[in-house]
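First the structure, in the form of structure tokens, and then the observations on it.
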Amino acid sequence: MVKAARVPEPVPFSAINVTPFIDVMLVLLIVMILSIPMATHKVPVDLPGAPRPVAEIERPYQLAIDRAGTLFWDGRPIADAELPGLLATMQRDAAGVLHMNTDPDARYDRFDGVLAVVKRAGVERLGFVGNRPLPD
């Protein structure tokens, strides 16, 4: 004689499986930890403000160095001792701008020394003239 086994009816499961929710929360926490420092990092950038009033026409002062290392101010030769005084005079001129022209064959240490004098004088408006590409 065959006995029939009684199978209990399935009972609804009353607890929620929270493991997937914990996994998602951990992933979100890691994403937040990694992204917040990048979002709060700032790079200081000086953006232009209101347009400046139109200044008067620039008055260029020419400073040249020839291949022998001689200095020329507006075409006339000058001594090294005269340069700081001439630069101070140029600084007083609101429209003054310094154009520096150096012979390509001049020694670099001479150019560097003159540029250091210009920097110590506080010249902010400086342009380099005669920069040509090197021949092939």
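Numbers below:
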| quantity | calculated |
| --- | --- |
| Computed [θ] at 222 nm, deg cm²/dmol, the chain (DSSP H ≥ 4; -39,500 (n - 2.57); rounded to nearest 500) | -11000 deg cm²/dmol |
| Vicinal HN-Hα couplings computed from phi for the stretch 97-108 (Karplus, 6.51 cos²θ - 1.76 cosθ + 1.60; Hz; Gly/Pro x) | 9, 9, 9, 10, 10, 10, 5, x, 8, 5, 6, 5 |
| Phi to ³J(HN,Hα) by Karplus 6.51 cos²θ - 1.76 cosθ + 1.60 over the stretch 65-81, Hz, x for Gly, Pro | 10, 8, 5, 7, x, 6, 8, 10, 10, 6, x, 10, x, 10, 8, 4, 5 |
| Cα lying deepest toward the dipole's positive end in the stretch 1-109, options Pro84, Pro12, Ser35, charges on Cβ | Pro12 |
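Just so you know, all these numbers are worked out from the coordinates, no wet-lab data involved. Everything numeric here is computed off the predicted structure, so don't read it as measured data. As a convention, Cβ positions derive from the backbone with ideal geometry for all residues, glycine included, and neighbour counts pool all protein chains shown.
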